[in-house]
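> Here you go, one structure.
The values are calculated or read from the model by the stated rules, or taken from the named source; none is laboratory data. Being a predicted model, the structure only gives us computed values, none of them experimental. Backbone-built Cβ (ideal geometry, glycine too); neighbour counts: all protein chains shown.
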Amino acid sequence: MKPAVPGPCVLVVFGASGDLTRRKIIPALYDLFQRGQLPRRFAILGVSRSGMSDEAYRDHLAQWAGEMARQHSEAAWSQFARHIHYCAADATRVDAFSAVGAAIESAGARHECGSSILFYLSVAPQLYIPIIDNLAQSGLITEGKRWCSINRDETPWQRIIVEKPFGVDLESARSLNRALGRTFEEESIFRIDHYLGKELVQNLLVLRFANTIFEPLWNRRYIDHVQITAAETVGVESRGEFYDRAGAIRDMIQSHLLQVLALVAMEPPGRYADAPIRREKIKVTEAIRIATAEEAAGRCALGQYGRGPRDEAPYRGGKGVAPDSSTETFAAIRFDIDNWRWSGVPFFVRTGKAMARKLTEVVLTFRQPPIDLFSSLSEAHASCGNRPPNRLVINIQPDEGISLRFEGKVPGEMRIESVKLDFDYAARFGGEAIEAYGPLILDAMRGDQTLFKHRDEVEGAWRAVAPFLDPALRRGIAGNYAPGTWGPPESEHLLANSGCTWHNPGIEETR
Ligand SMILES: NC(=O)c1ccc[n+]([C@@H]2O[C@H](COP(=O)([O-])OP(=O)(O)OC[C@H]3O[C@@H](n4cnc5c(N)ncnc54)[C@H](OP(=O)(O)O)[C@@H]3O)[C@@H](O)[C@H]2O)c1
């Protein structure tokens, strides 16, 4: 079933002239427009400081739309571009908001799209709180102040999408959540995680809860440990300045990979709807054991890529990177979830730049059978302990698919070998990549928060990673792994301490 086209609204993008808006947000909206998925009556209002007319702003976007959108034609662009307007304003100044308010009203009237407004904060993170506070003072946000007494389906709404990064630590995330909470209801706040995208979340939920065969095994009784990996082959490239302040834990683990962990570990929601799904994810995040300062070193392995064997440039000394930087470009962390389902099952989460393979995957390794019926067979497979355990690999990208490894008998002899059941999404359903931004913006227009983070998830994730942000853990990590590898040796030791090894697929192996 296709979801309904949202009702009319004005989308106000703060950061109108910026990189994210021109490369991602506008091309995604343009694609939605061409597929008939945007509301028939809608307007886009861009806000940034640079002085530009509507026409000049449309021209600024046109070139990017041509490059970044899936389909492009002059005719389609000019139809779409008619809905785009621009207001030059310094959004950190409250007195600029009368002009912003007037521009919203004028765009809303011109396109007959009423007074529901979706704000999008596509500006530098230090501007989030000033803009939210100015919105509060501007009188543009009326919904939250009277929600108890109204039928929300029939009155104009005001919602806000907030880009990552959502804070740099627990304290800054709390401040941002407090600022948002002073002005917006939680159900009007959309903390976007484009990395998750709709497909990944839906696939994981369908795999787990639309099948009977996995869920009974999905617990401490049958699963030995879980691995979640997001590896990139590229280094930080032009993002050095941003990355050097963030590092792998902030950039990937706190923001994205703990979301994946929550989807893998959550209990079945009561219904397929945003509130029950988010409630279950929050419970997982809150059940993650918080490492003490003493424990943290034994539960993580951090690294920073050095110069490569083929003279690849090291992280230190790259553009925007401090020459003595101790920022981690690789992180592997063991998380434990203290609840009945997962007690005693380690979740190993790792991410890195300049790694051997580009891939994002979840690997569930099962326990060995309770007795070894075949111990009298050949030497090579003498006992259960020597046979590879059953393994379910959920490959999220680039080769989306699922594979299950189990033991099979070799024909004609009583010998056991590992075999695989392999499911490839592209082969079965076609390989069209689905851009995350468009569906997420549509969800925000519809008020569907399934794929957006609740404040408790964000704060829970910061709490879980906080012990691993300690600068003391970063001493001496410079150059401790070479580009094109799976990270520093400490990463292997982290798993070996629990009797596990990483799933490091070779070039030819995808799942
Ligand atoms: N770029 C990406 O691929 C990406 C990916 C994920 C998340 N993000 C996040 O998205 C946000 C935007 O990133 P970006 O890369 O697009 O940044 P950017 O290229 O630096 O753009 C910033 C925008 O903010 C505007 N701006 C700055 N000060 C302003 C003010 N006082 N009032 C109104 N507008 C102001 C700038 O225009 P003027 O100078 O004309 O005012 C510009 O349009 C950041 O939080 C970033 O972390 C970006």
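> Tell me which residues, restricted to segment 19-78, are among the hydrophobic types (A, V, I, L, M, F, W, C), within 14 Å of the ligand (Cβ to nearest atom) and either without any contact (Cβ under 8 Å) to a residue 24 or more places away in the chain or surrounded by fewer than 17 Cβ atoms within 10 Å (Cβ to Cβ) (or both).
LEU20, ALA56
> Given the structure, is ARG178 free of Cβ contacts under 8 Å to residues at least 24 places away in the same chain and basic (Lys, Arg)? Talk me through it step by step, then tell me what you get.
Working: free of Cβ contacts under 8 Å to residues at least 24 places away in the same chain: yes; basic (Lys, Arg): yes.
Here the answer is yes, as ARG178 does meet what is asked.
> While we're on this one: Among the residues of segment 1-28, how many are among the small types (Gly, Ala, Ser) and more than 18 Å from GLU67 (Cα to Cα)? Write out each step before concluding.
So the first thing to find is which residues in segment 1-28 are among the small types (Gly, Ala, Ser), and the list is 4, 7, 15-18, 28.
Adding the requirement that they be more than 18 Å from GLU67 (Cα to Cα) leaves 4, 7, 15.
Summing the residues that are among the small types (Gly, Ala, Ser) and more than 18 Å from GLU67 (Cα to Cα) in segment 1-28 gives 3.
> Can you list the strands (runs of 3 or more DSSP E) lying wholly within segment 383-499 that have 3 or more residues being farther than 24 Å from ASP336 by Cα, free of Cβ contacts under 8 Å to residues at least 40 places away in the same chain and not basic (Lys, Arg)? Full working, then the answer.
Working: elements: 391-397, 401-409, 416-424, 478-481.
Output list reads 401-409, 416-424.
> Quick check, is TRP502 touching a helix residue (DSSP H, G or I) at 6+ places or on another chain (Cβ under 7 Å) and not in a loop (DSSP other than H, G, I, E, B)?
Values: touching a helix residue (DSSP H, G or I) at 6+ places or on another chain (Cβ under 7 Å): yes; not in a loop (DSSP other than H, G, I, E, B): no.
When the stated conditions are applied, TRP502 does not pass them.
> When you scan segment 137-151, do you find a residue that is within 16 Å of the ligand (Cβ to nearest atom), modelled with pLDDT of 95 or more, hydrophobic (A, V, I, L, M, F, W, C) and over 30 Å from ALA354 (Cα atoms), even just one?
Looking for residues that are within 16 Å of the ligand (Cβ to nearest atom), modelled with pLDDT of 95 or more, hydrophobic (A, V, I, L, M, F, W, C) and over 30 Å from ALA354 (Cα atoms), one finds none in segment 137-151, hence no.
> Any residue at all in segment 315-329 that's under 22 Å from the mean Cα position of the chain (by Cα), in the same structural domain as VAL465 (by TED's automatic domain parsing) and among the aliphatic types (A, V, I, L, M)? Let's see the steps before the verdict.
Taking segment 315-329 and keeping what is under 22 Å from the mean Cα position of the chain (by Cα), we get 327-329.
Subsequent filtering for residues that are in the same structural domain as VAL465 (by TED's automatic domain parsing) retains 327-329.
Remaining after also requiring among the aliphatic types (A, V, I, L, M): none.
No, there is no match, as no residue in segment 315-329 is under 22 Å from the mean Cα position of the chain (by Cα), in the same structural domain as VAL465 (by TED's automatic domain parsing) and among the aliphatic types (A, V, I, L, M).
> Quick check on segment 297-310. Is at least one of its residues loosely packed, with under 14 Cβ neighbours inside 10 Å and modelled with pLDDT under 95?
Within segment 297-310, the subset loosely packed, with under 14 Cβ neighbours inside 10 Å is 298, 309-310.
In the following step, the residues that additionally are modelled with pLDDT under 95 were identified as 309-310.
Looking through segment 297-310, at least one residue is loosely packed, with under 14 Cβ neighbours inside 10 Å and modelled with pLDDT under 95.
> Is it the case that some residue within segment 2-16 is of a type in the set (Lys, Arg), under 18 Å from GLY108 (Cα atoms), surrounded by fewer than 19 Cβ atoms within 10 Å (Cβ to Cβ) and more than 10 Å from the ligand (Cβ to nearest atom)? Full working, then the answer.
Residues of segment 2-16 that are of a type in the set (Lys, Arg), as a first pass: 2.
Now restrict to residues that are under 18 Å from GLY108 (Cα atoms): none.
There is no residue in segment 2-16 that is of a type in the set (Lys, Arg), under 18 Å from GLY108 (Cα atoms), surrounded by fewer than 19 Cβ atoms within 10 Å (Cβ to Cβ) and more than 10 Å from the ligand (Cβ to nearest atom).
> Can I ask one more? Within segment 313-331, track down each residue that is farther than 20 Å from GLY460 by Cβ and either among the hydrophobic types (A, V, I, L, M, F, W, C) or in contact with a Phe, Trp or Tyr (Cβ under 6 Å, 6 or more places away or on another chain) (or both). Working first, answer last.
Of all residues in segment 313-331, those farther than 20 Å from GLY460 by Cβ come to 313-330.
Once the filter is applied, which keeps residues that are farther than 20 Å from GLY460 by Cβ and either among the hydrophobic types (A, V, I, L, M, F, W, C) or in contact with a Phe, Trp or Tyr (Cβ under 6 Å, 6 or more places away or on another chain) (or both), segment 313-331 yields ALA313, TYR315, VAL321, ALA322, THR329, PHE330.
Conditions tested, residue by residue: (1) in contact with a strand residue (DSSP E or B) (Cβ under 9 Å, 6 or more places away or on another chain); (2) assigned to a loop (DSSP other than H, G, I, E, B).
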site: PRO268; (1), (2): no, yes
site: ARG278; (1), (2): yes, no
site: ILE282; (1), (2): no, no
site: GLY298; (1), (2): yes, no
site: ARG307; (1), (2): yes, yes
site: GLU312; (1), (2): yes, yes
site: TYR315; (1), (2): yes, yes
site: GLY318; (1), (2): no, yes
site: VAL321; (1), (2): no, yes
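> A follow-up question, please. Residue by residue through segment 323-350, note down the ones that are surrounded by 14 or more Cβ atoms within 10 Å (Cβ to Cβ), farther than 17 Å from ALA297 by Cβ and in contact with a strand residue (DSSP E or B) (Cβ under 9 Å, 6 or more places away or on another chain).
Within segment 323-350, the first condition is being surrounded by 14 or more Cβ atoms within 10 Å (Cβ to Cβ), and the residues that meet it are 325-337, 339, 341-342, 345-350.
Within this subset, residues satisfying the condition of being farther than 17 Å from ALA297 by Cβ are 325, 327, 329, 337, 339, 341-342, 345, 347.
Of everything in segment 323-350, those that are surrounded by 14 or more Cβ atoms within 10 Å (Cβ to Cβ), farther than 17 Å from ALA297 by Cβ and in contact with a strand residue (DSSP E or B) (Cβ under 9 Å, 6 or more places away or on another chain) turn out to be SER325, THR327, THR329, ILE337, TRP342, VAL345, PHE347.
Residues are listed down the side, and each one gets a yes or a no for (1) touching a helix residue (DSSP H, G or I) at 6+ places or on another chain (Cβ under 6 Å); (2) farther than 30 Å from ASP169 by Cα; (3) in the same structural domain as ARG41 (by TED's automatic domain parsing); (4) at pLDDT below 95:
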position	(1), (2), (3), (4)
ARG93	no, no, yes, no
VAL100	no, yes, yes, no
ALA103	no, yes, yes, no
SER106	no, yes, yes, no
CYS113	no, yes, yes, yes
SER122	yes, no, yes, no
GLN126	no, no, yes, no
ILE129	yes, no, yes, no
ILE132	yes, no, yes, no
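> Any idea how many residues of segment 152-195 are acidic (Asp, Glu), within 16 Å of the ligand (Cβ to nearest atom) and either under 26 Å from THR21 (Cβ atoms) or modelled with pLDDT under 95 (or both)?
First pass over segment 152-195, keeping only residues acidic (Asp, Glu): 153-154, 163, 169, 171, 185-187, 193.
Those still in the list that are within 16 Å of the ligand (Cβ to nearest atom) too: 163, 169, 193.
Now narrow it down to the ones that are either under 26 Å from THR21 (Cβ atoms) or modelled with pLDDT under 95 (or both): 163, 193.
Adding up the residues that qualify gives 2.
> With respect to HIS225, is the statement that it is in contact with a Ser or Thr (Cβ under 6 Å, 6 or more places away or on another chain), of a type outside the set (Gly, Ala, Ser), closer than 25 Å to ASN504 by Cβ and in the same structural domain as GLU400 (by TED's automatic domain parsing) true?
yes
> Applying the selection to segment 1-32, what residues are of a type in the set (Ser, Thr, Tyr) and in contact with a Cys (Cβ under 7 Å, 6 or more places away or on another chain)?
Within segment 1-32, the subset of a type in the set (Ser, Thr, Tyr) is 17, 21, 30.
None - no residue of segment 1-32 is of a type in the set (Ser, Thr, Tyr) and in contact with a Cys (Cβ under 7 Å, 6 or more places away or on another chain), so the list stays empty.
> Shifting gears a bit: With (1) at pLDDT 95 or above; (2) not assigned by TED's automatic domain parsing to the domain that holds GLN137 as the list, and TYR86 as the residue in question, which single condition is left unmet?
Result: TYR86 fails condition (2) only.
> Tell me which residues, restricted to segment 180-201, are farther than 21 Å from LEU263 by Cβ and surrounded by fewer than 18 Cβ atoms within 10 Å (Cβ to Cβ). It would help to see each step written out before you state the result.
At the first step, the residues of segment 180-201 found to be farther than 21 Å from LEU263 by Cβ are 180-185, 188.
If the condition is that a residue be farther than 21 Å from LEU263 by Cβ and surrounded by fewer than 18 Cβ atoms within 10 Å (Cβ to Cβ), then GLY181, ARG182, GLU185 are the ones that fit.
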